[in-house]
Amino acid sequence: MSSPTPAARPSTGRTAVLFRVFALLALLALGATYTAPAWWVSLKAPNYPAQTFPDGVKIMFHVDRVANGCQLRNSKEVLEKEALDCVHEMDTINHFVGMYPIASGGPVEKLLSPFLFAFIGVLIVGFAVPGVNARTVVMGLGFAATAVWMTLALYSSNGVQYLGRNWVAGLVDSLGRAEDEGKDEALHPLVRQLKESLEKSGIVVDPTAPKAAEDATKAQLVDVLKALYEMKAPVELGVEPKPWSSRGIDVMAWHYEESLGRWFNEPLKNGRLVAIMKTTTHVVYGALLAAMLVFLWVGRRPRSPLFLALAAVPMILPIGFLAEYSGWLWWYGHSLNAMGAFTLKPFMPTVFGEGKVAQFSTHSYPAIGFGLMCVVAGSMAIAALMRRSLPDAAKD
């Protein structure tokens, strides 16, 4: 049997171009993933009629925050000036069974998400850049910029300015926002109960501040967080309260402690959890710096099987997200606080599909961001297979 003619085989040059095109597609999808919701969850029950909650009590999980999934309704029957806040609504429902607020989940992941995505982006670019020296320079500059950015954000005196506005907005939204007094009668009973509970806890912001996080600048949002911190700082006789710190790691730790203690004020227990999250942040920070050095070394060995690790990390992005999401759902269902009004046995909330908890039906499904993660994974898998088919001389 005769071998295929050269014309019947894809040219080496065409394959080299195509695998880089797929890597570029993965890079674009990665950027879009960061801004899009990755997953959504909705609770439905008879006491949440479709006229008021057409999608149920719905929230959207982004990689850096949890956002309101309820949309502003435009109908003759219902007049709304702003959408119902379903993040607060769901928190209110959950706290009756002893479940911690939604903001208690994934504090380290949300804080470090921009640096993790930047790290993955550098890997994708390094996989596509031809030439050992050029690849080393590009990856080295990319990793160095990410390392400096991450260090400033986490540990500099005003590090929060280096973090994304949406992350800060998510912190403000989860702690509650000021409401006009005249609106109370229009609020859903559970939302009104949440507002009253927050006020009893002292979570009140300056009435002149923006009413919604989407209307504020990042500087204004940080001012709101600082005001809340100073308002709630413990006062001890003869002891000055610890001053506000806007280091990223400190803002995360304080907000995490506030979230844990919103419904269940257990300082010792919550303090241990906060210490764990701060330690985890330090560990992940160090691990990410070490990974940068390792992958910079790997990038200089394009003919080694290890080089495919540059593509493998982006390929596992959707798997990693699902593992994190499932792990935190397990934590919520197995960390029910005894202070809840009702007692439930530990349970695993629904990860995918529909489930049932008491009178509530739960719905948990991927959103466009998860689809984009799959595009990243699929594009890099194709790029890796195409590159693998190249002769060694064309891999450098």
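The values are calculated or read from the model by the stated rules, or taken from the named source; none is laboratory data. What you see is a predicted model, and the numbers here were worked out from it, not measured in a lab. Positions of Cβ are generated from backbone atoms using ideal geometry, with glycine treated the same way; all protein chains shown enter the neighbour counts.
Observations on the structure shown:
- Those residues of segment 283-293 which are of a type outside the set (Phe, Trp, Tyr) and surrounded by 13 or more Cβ atoms within 10 Å (Cβ to Cβ), in sequence order: VAL284, LEU288, LEU289, ALA291, MET292
- Boolean, PHE307 is farther than 30 Å from LEU336 by Cβ and in contact with a Lys or Arg (Cβ under 7 Å, 6 or more places away or on another chain): yes
- Of the residues making up segment 298-321, one or more are touching a Ser or Thr at 6+ places or on another chain (Cβ under 7 Å) and surrounded by 17 or more Cβ atoms within 10 Å (Cβ to Cβ).
- Tallying residues that are among the small types (Gly, Ala, Ser) and free of Cβ contacts under 8 Å to residues at least 12 places away in the same chain within segment 291-322 yields 2.
- Segments classed as helices (runs of 4 or more DSSP H), wholly inside segment 214-318, with at least 3 members that are closer than 21 Å to LYS110 by Cβ and small (Gly, Ala, Ser): 248-261, 267-299
- Test for LEU390: is it more than 19 Å from the chain's Cα centre (by Cα) and not aromatic (Phe, Trp, Tyr): yes
- For segment 249-270, filtered to residues that are surrounded by fewer than 20 Cβ atoms within 10 Å (Cβ to Cβ) and among the acidic types (Asp, Glu), the residue that is modelled with the lowest pLDDT is GLU266.
- Subset of segment 130-149 (residues that are crowded, with 17+ Cβ neighbours inside 10 Å and farther than 26 Å from GLN161 by Cβ): ARG135, VAL138, MET139
- Filtered residues of segment 319-345 (kept if of a type in the set (A, V, I, L, M, F, W, C), in contact with an Asp or Glu (Cβ under 9 Å, 6 or more places away or on another chain) and either closer than 30 Å to MET386 by Cβ or not in a loop (DSSP other than H, G, I, E, B) (or both)): TRP328
- Residues in segment 40-68 that are among the aliphatic types (A, V, I, L, M) and under 23 Å from LEU112 (Cβ atoms) were compared, and the one that is surrounded by the most Cβ atoms within 10 Å (Cβ to Cβ) is VAL63.
- Residues in segment 71-96 that are modelled with pLDDT of 80 or more and assigned to a loop (DSSP other than H, G, I, E, B): PHE96 alone.
- Residues (in a strand (DSSP E or B) and over 13 Å from VAL41 (Cβ atoms)) located in segment 346-389: LYS356
- Filtered residues of segment 97-123 (kept if under 30 Å from ALA312 (Cα atoms) and not in a helix (DSSP H, G or I)): GLY105, GLY106
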